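Some notes on the structure that comes next.
The values are calculated or read from the model by the stated rules, or taken from the named source; none is laboratory data. Since this is a predicted model, take the numbers as computed values, not measurements. Reconstructed Cβ throughout: ideal geometry from the backbone, glycine too, with neighbour counts over all protein chains shown. Please note that ligands, DNA and RNA were not included when accessible areas were found on the heavy atoms of the full protein model with its side chains. Shrake-Rupley method; radii C 1.70, N 1.55, O 1.52, S 1.80 Å.
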Amino acid sequence: MKYIPSEESEEINYKTEKNPWLNAVILVAGFFGLYFILLVVLGVAGETAATSIPARYESSIFSFLDLKMGQKPWPLGQQIADDIFQRNSIDPVYKPQVFLSCDPTVNAVALPGKKIIVFKGLLDDTSNLNSLYFIMGHEIGHIINRDHLKSMGRAIAISLGLFFVTVGADTSSFFSVNQAIVDRRFGQGQEESSDDRAIDFTIKRFNGLYTSNEFFESIQKTSPDSPKIVSFLNTHPLTQSRIDKIKNHKDYNPETTIVEKMDRSQIDCDKPSQD
């Protein structure tokens, strides 16, 4: 049997039996996939580096951090933090300093340096100590999990990584969307974990969860959840899902839960800041 070689084609471009549009889709999907993996790897690397800072040195390392939000030491918040640590036998090396800001922002944040800032706007519609205790437990959960450091390390690592990868390219919108997806992947897990800790802390203190959803109920009325297709990029779970998680818990019981009113005289924004 004699081998007869095929004639060479004068076609320069490589031919494929696949549709060129299919090739384009595969190429784009591959790029997106590799890029997403890069962001995740950078995020994990940043988190690992940041959380390698010993907790005992964290406050001194970040002592310079002052966001100038009019915050001052808050005795009521500090009492709650101290109670949570003592009641749950938490290593005091993680104990935060608690501050009150008279800013009307509806929020509470945990910052590097083991600081928690509660904004007065968050307290305006909070009447029960149970709800404030839950919020404080949530922020302490972030401190214990070191989420504040993880977020900082992740942001720095991703920003530096993208700077070198995209230098000279105008792709800010594309990269912002993808970074938002990665932040969502990390952020929602952190928020849910902190909610779980807050649930445990609150049950131990009040023997139940009744009224601990008060703050979330208020938020849902004034700022309803965005559509799910949009909220996919949120770093926090849907407010309604957080309400449902509390109200559907077996310990959400008005008969067994000890409900305590919050002493609003301890939310005094007329006194000068001591910082």
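For Thr256, the amide hydrogen comes within under 5 Å of no other amide hydrogen, counting only partners 5 or more places away or on other chains and with H modelled in the peptide plane.
Computed from backbone phi with θ = phi - 60° and the Karplus coefficients 6.51, -1.76 and 1.60, the 3J(HN,Hα) list for region 115-122 is 10, 10, 10, 9, 8, 4, x, 5 Hz; x is used for glycine and proline. Near the amide H of Phe99, within less than 5 Å, lie the amide hydrogens of Trp74, Ile116, Ile117, Val118, all on another chain or at least 5 residues away, with H placed in the peptide plane. Converting phi to 3J(HN,Hα) with the Karplus coefficients 6.51, -1.76 and 1.60 and the offset θ = phi - 60°, region 205-220 yields 7, 10, 6, x, 10, 4, 6, 6, 8, 3, 4, 5, 4, 5, 4, 5 Hz in sequence order, with x at every glycine or proline.
Mind ordering 100-112, 81-93 by average Cβ neighbours within 10 Å, highest first?
Values: 100-112: 18.5, 81-93: 14.2.
Order by mean packing, descending: 100-112, 81-93.
Anything over 29 Å Cα to Cα? Flag those among Lys150/Lys261; Lys120/Lys250; Lys204/Lys245, in the order listed.
Working: Lys150/Lys261 35 Å; Lys120/Lys250 31 Å; Lys204/Lys245 17 Å.
Lys150/Lys261; Lys120/Lys250, as the Cα separations exceed 29 Å there.
Rounded to a whole number, what % of the accessible area of region 47-141 do carbon and sulfur atoms account for, probe 1.4 Å? Ligands and nucleic acids excluded, carbon and sulfur give 53 percent. The packing ranking, built from the mean of other Cβ atoms within 10 Å per residue, places the peptides 258-267, 49-58 in the order 49-58, 258-267, highest first.
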